[in-house]
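Engineer: Below: one structure in structure tokens.
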Amino acid sequence: MPGLYMLDYGAGNVRSLINAVNHLGYEIKYVKEPSDILDADRLIFPGVGAFGHAMEALHAKGYAEPLKAYIASGKPFMGICVGMQTLFEGSEESDEPGLGVIPGITKRFDDATKAVPHMGWNATQLLKESDEASYSIQDGSIYYFVHSFAVPYDSSKHHGTALAATQYGDELFVSAVQRDNIFATQFHPEKSGYAGLRVLKAFLTSKGVVSNAEIKSIREPVLAAKDKLTKRIIACLDVRTNDNGDLVVTKGDQYDVREKSGDGNVRNLGKPVDLAKRYFQEGADEVTFLNITSFRNCPLRDMPMLEVLQRTSETVFVPLTIGGGIRDIVDPDGSVHPAFKVAGEYFRSGADKVSIGSDAVYAAEKYYAQGKDGTSAIETIAKAYGAQAVVISVDPRRVYVKDPSETTHHTVKASVPGPNGEQFCWYQCTVKGGREGRDLDVRQLVVACEALGAGEILLNCMDRDGTNSGYELDLINDVKSAIKIPVIASSGAGNVGHFQEVFEKSNVEAALAAGIFHRHEVPIEAVKAHLTSVAIPVRQHVPSL
């Protein structure tokens, strides 16, 4: 398809879209100058992050007017996420007007009753019955969403234009539009597994223009008693160099990754790219890479994890998170790379989210001492790429006290008593891979990071790591009560019942595991089968196109 173009305004991870298109057997060109837009025969406009940033970039690059002219020409157009939102009149998050092609304003979800961003796999209600116009979206199909703003469904404005709607909490929003040559989705098809690839394939192979006269029927969406957002099962890969200099996946016991017997070498559980592909094929909803060596003396352009992401994103079509080394970097030649530019390299290599660990603790300490100043990695990355792109990885450990009055930190009643029978503990934040404790508790950390602009918390627990004894529910529930952003439970899973327990006894959005998945002690398929059997909603894996 020689005339297939992608409009990239610098929005982050577009590599995944390119890889998805290539996987389907097509080549796609970048729009490099405004004239390329009008030369296109078929155009895809992906976007993530802030509406205002996207519109400002379109105008700055001279893309806005050619884009409107292209859409008006009647040639096939597909927008993704913010690429869909820009079609509307504007957004509450910005004074910048949208393209105004479709009536409506994007508004922030109400976080009074649910976590924001809306992050995860949710169902669509198909509103149009048509062989061509549906673009392979089926009623009830599950796709990956990640956004804080959406266009509330309004029958007077969107009947006949909205192709699909989705419910989050008690809100219905437009999740796909189709009108004549326009097709756009709020969800990310390139991150929605094979179900999403089917949507992309339908756009690439269809005639691309469908009028409402060809639609068999149009219906209104229904607000149900409960939404269909599923719980996410995330596979985590701790990546580091072993004693032979090879990049391997490893797993620790309370953060110690060396074998307890024999030569004491770093545990080698496989190659990261191969394992990530296996997890995708087994139905993982996301894959997280935690780089636990950070390659501190390596120039940014030579970072081994960049290649890992690039290769992984060629065959893994679910969200990828990368953690470790997301900070200001100084190359051996003295070149300085600010954290948001480091994050940008990871996004361009295939990451959807970056995870910040020790630097988040330092940022929180500075926040309590001085307030926000816009310079932390959290703030700069969130401003450039959106809150949903910033995950805070928390590495806490229990500090027991006999009575809460013994500490100024926030304490909880401990379900696991201390060594001397203590009934209370506070959770101390650590840095440097758990080697150094700080005078900061987890509640302080997550509250500060949410205020600085983070979009999700990856909540580990050093006391549970590698124990297979279940998740630290005291910690998880305490954190969930303190913030409104999504939380991923991590550390301690040892059987399928632990996943059930954490979802039934807390309100976390996702649960993560590592070693039990690596060693196939508890397959991902077994976790999902068990959760389905006890009526906990999870995404059912689509195994192929």
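Engineer: Over the range 316-449, give the accessible area per residue in Å² for a 1.4 Å probe, as an integer.
Structural biologist: 41 Å²
Engineer: Still on this structure: Which one of 280, 113, 49 is farthest out on the positive end of the charge dipole of the chain, using unit charges on Cβ (Lys, Arg +1; Asp, Glu -1) and the Cα centre as origin?
Structural biologist: In the chain, that residue is 280.
Engineer: To continue, here is another question. Just one of (i) 1.02; (ii) 1.24; (iii) 0.96 is Cα Rg over 2.2 N^0.38 Å as worked out from the coordinates here. Which one is it?
Structural biologist: It is the one labelled (iii).
Engineer: Which of the GluC sites (Glu not before Pro) found in the range 41-108 are in a DSSP loop and have at most 13 neighbouring Cβ atoms, other than their own, within 10 Å?
Structural biologist: Those that pass, being in a loop and sparsely packed, are 92.
Engineer: Anything over 22 Å Cα to Cα? Flag those among 228/480; 226/353; 271/528; 228/528, in the order listed.
Structural biologist: Flagged as over cut-off: 226/353; 271/528.
Engineer: Just to make sure I understand: if all protein chains stay in place, what is the order of 472, 96 by accessible area at 1.4 Å, largest first?
Structural biologist: Putting 472, 96 in descending order of accessible area: 96, 472.
Engineer: OK, next. Averaging sequence separations of C-alpha pairs under 8 Å and six or more residues apart, then dividing by the length of the range 75-169, give the relative contact order as a whole percent.
Structural biologist: 27 percent
Engineer: For residue 100, what is the net charge nearby, where nearby means another residue's Cβ is under 10 Å from its Cβ and Lys, Arg count +1, Asp, Glu -1?
Structural biologist: For residues surrounding residue 100, the net value is 0.
Engineer: When only C-alpha pairs under 8 Å and at least 6 residues apart count, what is the relative contact order of the chain, in percent?
Structural biologist: 13 percent
Engineer: Mind grabbing the accessible area of residue 458 for me, 1.4 Å probe, Å², rounded to tens?
Structural biologist: 10 Å²
Engineer: Once Lys and Arg get +1 and Asp and Glu get -1 on their Cβ, which of 123, 376, 360 lies farthest toward the positive end of the dipole of the chain?
Structural biologist: It is 123, whose Cα lies furthest towards the positive end.
Engineer: Related question: Pull up the DSSP beta bridges for the chain and report the antiparallel fraction as a percent, rounded to 5.
Structural biologist: 50 percent
Engineer: For residue 58, what is the net charge nearby, where nearby means another residue's Cβ is under 12 Å from its Cβ and Lys, Arg count +1, Asp, Glu -1?
Structural biologist: Summing Lys and Arg as +1 and Asp and Glu as -1 gives -2.
Engineer: If you put +1 on each Lys and Arg Cβ and -1 on each Asp and Glu Cβ, how big is the dipole of the range 396-441 around its Cα centre, in Debye rounded to 20?
Structural biologist: 220 debye
Engineer: Right, another one. Of the options 489, 476, 455, report the single residue whose Cα projects farthest towards the positive end of the charge dipole of the range 432-493 (beta-carbon charges: Lys, Arg +1; Asp, Glu -1).
Structural biologist: Toward the positive end, the furthest listed residue is 455.
Engineer: Once the other residues with Cβ under 12 Å from the Cβ of residue 215 are scored (Lys, Arg +1; Asp, Glu -1), what is the net sum?
Structural biologist: Net charge around residue 215: -1.
Engineer: Largest first, what is the accessible-area ranking of 231, 61, 191, 505 with a 1.4 Å probe?
Structural biologist: Reading off the accessible areas and sorting them downward yields 505, 61, 231, 191.
Engineer: Just how large is the dipole of the range 426-545 about the Cα centre, in debye to the nearest 20, putting +1 at every Lys and Arg Cβ and -1 at every Asp and Glu Cβ?
Structural biologist: In debye, rounded to 20, the range 426-545 gives about 220.
Engineer: Evaluate the relative contact order of the range 1-55 (contact order divided by residue number), counting alpha-carbon pairs under 8 angstrom at least 6 apart; express in whole percent.
Structural biologist: With pairs under 8 Å counted, the relative contact order is 53 percent.
Engineer: How large is ³J(HN,Hα) for each residue in the range 467-481, as worked out from phi by the Karplus curve 6.51 cos²θ - 1.76 cosθ + 1.60 (θ = phi - 60°), to whole Hz, x for Gly and Pro?
Structural biologist: 8, 6, 9, x, 6, 7, 5, 4, 5, 4, 5, 5, 5, 4, 6
Engineer: Also, quick follow-up: Using the Cα centre of the chain as the reference point, and only Cβ charges (+1 on K/R, -1 on D/E), how large is the resulting charge dipole? Debye, rounded to the nearest 20. Present the calculation step by step, with values, prior to reporting the outcome.
Structural biologist: Values: 56 positive and 69 negative charges, 140 e Å.
Roughly 680 debye for the chain.
Engineer: Right, another one. Principal axes first, then extents: for the Cα atoms of the range 276-399, list largest minus smallest coordinate on each axis, whole Å, largest first.
Structural biologist: 47, 40, 30
Engineer: If you don't mind, there's one more thing I want to ask. For the chain, what is the mean residue ellipticity at 222 nm derived from helices alone (per DSSP H run of n ≥ 4: -39500 (n - 2.57); sum divided by total residues; nearest 500 deg cm²/dmol)?
Structural biologist: Working: 17 runs with 153 residues, N = 545.
Calculated from helices alone, the mean residue ellipticity at 222 nm is -8000 deg cm²/dmol.
Engineer: How large is the convex hull of the C-alpha atoms of the range 420-469 per residue, in Å³? Numbers along the way, then the final one.
Structural biologist: Working: hull volume 6.4 nm³, N = 50.
In the range 420-469, the Cα convex hull volume per residue is 128 Å³.
Engineer: Within the set 29/191; 61/207; 29/68, which residue pairs have Cα atoms separated by over 26 Å? Don't skip to the end; give the middle numbers.
Structural biologist: Numbers: 29/191 20 Å; 61/207 30 Å; 29/68 19 Å.
Over 26 Å Cα-Cα: 61/207.
Engineer: Here's another thing I want to ask about it. Please compute the per residue accessible area over the range 1-71 with all protein chains in place, 1.4 Å probe, rounded to a whole number of Å². All intermediate terms of the calculation are to be shown ahead of the outcome.
Structural biologist: Working: 2720 Å² over 71 residues.
Ligands and nucleic acids excluded, the figure is 38 Å² per residue.
The values are calculated or read from the model by the stated rules, or taken from the named source; none is laboratory data. Model, not experiment: these values are computed from the prediction. Note: ideal-geometry Cβ built from the backbone for every residue, glycine included; neighbour counts use all protein chains shown. With ligands, DNA and RNA removed, areas are computed over all heavy atoms of the protein, side chains included. Shrake-Rupley method; radii C 1.70, N 1.55, O 1.52, S 1.80 Å.
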